[in-house]
Amino acid sequence: MDLDHFYTPALNTIWQIMARCGVDPEPVFNGFGLYECDLQNTNKRCHAYIEVALWHSAQQLINEPCLGLHSAKGIWHPSHMGVLGYAWLASETLESALQRLNRVQHFITNAYRFSLHQQHNQYRIKIHYSVHNPALQARSESILSTLLCMCKINFGEHLKVQNVSFMHTRPLNITPYLDVFACIPEFSATYDSISFTLSDVQKKLAANDYLLIKMLDQLIAKALHNLDRHDIVSEVQSIILEQLPSAKVTEEDVADLLNMSKRKLQLKLANKNARYKKLLDDIRLTKAQQFLNEKELSLNEIAFLLGYSEVSSFSRAFKRWTGIAPGQYKKNS
């Protein structure tokens, strides 16, 4: 895949943190073209910038320091990572679980990756962010505290963190970090990282299941194969759906989000016998008919949700598509 993507079930973490903190996550996610059902869709991916934008939105709405550390409090579930999450639970050791995660991390996202480092009696996991999706405090806190939560689910609550480091500056109050990691973090570090003793990560786990792991690894390989076959038409359709409310749906906008030129995008679509304008119109028509069937939405609101600055522009387009005005369609429905 050419763009930084994110497995939408993994966004359950942000949804649950917002809900726990008394903020309704639904309108926030809807604003980015995501719905609660998308968080259970194992075939659904969004652009990785949406994950960062959701963290920004959560931080603004909740205004709580160390927001990402809520991820350590029983939020993670293996379904958030699909088949990879269940393979994690069946791994022989934490080391084998981490190695598997390192190998197939791009199944969840390619916006960041892990690297594993063994030195003396320590085993460190470093996070490397892509150019387009740099580290963000709440996101960094969530990644490392989620990783710790996952390790404790396999190993047990008595697993000790040796070191933890963050790229962001030291906050005024580090007590929440001490509560989660039980060690003094390093701030303004070169990497976000967490480390355990080598003996702990190599300890054989009680829940390991060789036959189950073999089957799950086959499913992971199949999922990765399907991911690699993800075509440009699906990517463009996904971007259009997510960007409609922001009105950033020109061919140039979409090409930028795909990290390619407009000409390259046109050629890729042409190879699939597709044209950008047709894809945009088809999606707008489908969504317009859906919205017009929802009685509580006004024409102004529908025009906005479809990326039009004026109702008149939406009305002309809808009449061109269907032969009737949207008001008449709404009345008929």
| request: Give the share of C-alpha pairs in each 20 angstrom bin for the chain, from 0 to the last occupied bin, in whole percents, shortest bins first. | output: 28, 52, 19, 2
| request: Take the Cα atoms of region 232-332, find their three principal axes, and give me the spread along each one in whole Å, biggest first. | output: 42, 24, 20
| note | Rh_Kirkwood(region 154-290) over Cα pairs, Å, one decimal, evaluates to 20.2
| query | Between their Cα atoms, which of LYS126/LYS262; LYS44/LYS277; LYS44/LYS214 are more than 28 Å away from each other? | reply | LYS126/LYS262
| query | Could you state the per residue volume, in Å³, of the convex hull enclosing the Cα atoms of region 218-290? | reply | 111
| For region 2-91, how big is Rg over Rh, using alpha carbon atoms and the Kirkwood form of Rh? | 0.96
| remark: The distance between the Cα centres of region 285-330 and region 135-203, in whole Å, is 49
| query | For the charge dipole of region 36-176, defined by +1 on Lys and Arg C-beta atoms and -1 on Asp and Glu C-beta atoms about the Cα centroid, which residue among PHE107, ILE125, SER140 has the Cα displaced farthest towards the positive pole? | reply | ILE125
| message | With 10 angstrom as the radius, rank TRP55, TRP321 by how many other C-beta atoms surround their C-beta, starting from the fewest. | response | TRP321, TRP55
| Can you list, bin by bin at 5 Å, the percent of alpha carbon pairs in region 1-51, starting at 0? | 5, 22, 32, 24, 12, 4, 1, 0
| note | Exposure-ranked with fewest Cβ neighbours within 10 Å first, ARG124, ARG113, ARG284 stand as ARG113, ARG124, ARG284
| remark: So, over other residues within a Cβ distance under 11 Å of ASN102, counting Lys, Arg +1 and Asp, Glu -1, the net charge is +3
| task | Add +1 for every Lys or Arg and -1 for every Asp or Glu among the other residues with Cβ under 15 Å from the Cβ of VAL201, and state the total. | result | +4
| task | Neighbouring Cβ atoms within 10 Å as the yardstick, rank ILE184, ILE213 fewest first. | result | ILE184, ILE213
| field | 14 Å beta-carbon shell around LEU136, net charge (K/R +1, D/E -1) | value | -3
| query | Whats the longest run of the chain with zero GluC sites (Glu not before Pro) that are DSSP loop and have at most 10 other Cβ atoms within 10 Å? | reply | 1-156
| query | Once region 9-151 is represented by equal point scatterers at the alpha-carbon sites, with solvent omitted, what log10 I(q)/I(0) does the Debye formula produce at q = 0.15 Å⁻¹? | reply | -0.76
| What angle, in degrees between 0 and 90 and rounded to the nearest 10, separates the Cα long axis of helix 137-155 from the longest principal axis of the Cα atoms of the chain? | 50
| request: Starting from the amide H of ASP192, placed 1.01 Å from N in the peptide plane, find each other amide H under 5 Å away whose residue is 5 or more places distant or on another chain. | output: ILE127, MET167
| task | Could you state the orientation-averaged shadow area of the convex hull built on the Cα atoms of region 65-227, in nm² to one decimal? | result | 9.4
| request: Per residue of region 232-248, in order, report the coupling 6.51 cos²θ - 1.76 cosθ + 1.60 (Karplus, θ = phi - 60°) as ³J(HN,Hα) in whole Hz, putting x for Gly and Pro. | output: 5, 4, 5, 4, 5, 4, 4, 5, 4, 4, 6, 9, 3, x, 8, 6, 8
| So what are the ³J(HN,Hα) numbers for region 319-324, from phi and the Karplus equation (6.51, -1.76, 1.60; θ = phi - 60°), rounded to whole Hz, Gly and Pro as x? | 5, 5, 6, 10, x, 10
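Any read-out appearing in this document is the output of simple, stated calculations on the displayed coordinates, not a laboratory observation. What you see is a predicted model; the values in this text were computed from it and never measured. As a convention, Cβ positions derive from the backbone with ideal geometry for all residues, glycine included, and neighbour counts pool all protein chains shown.
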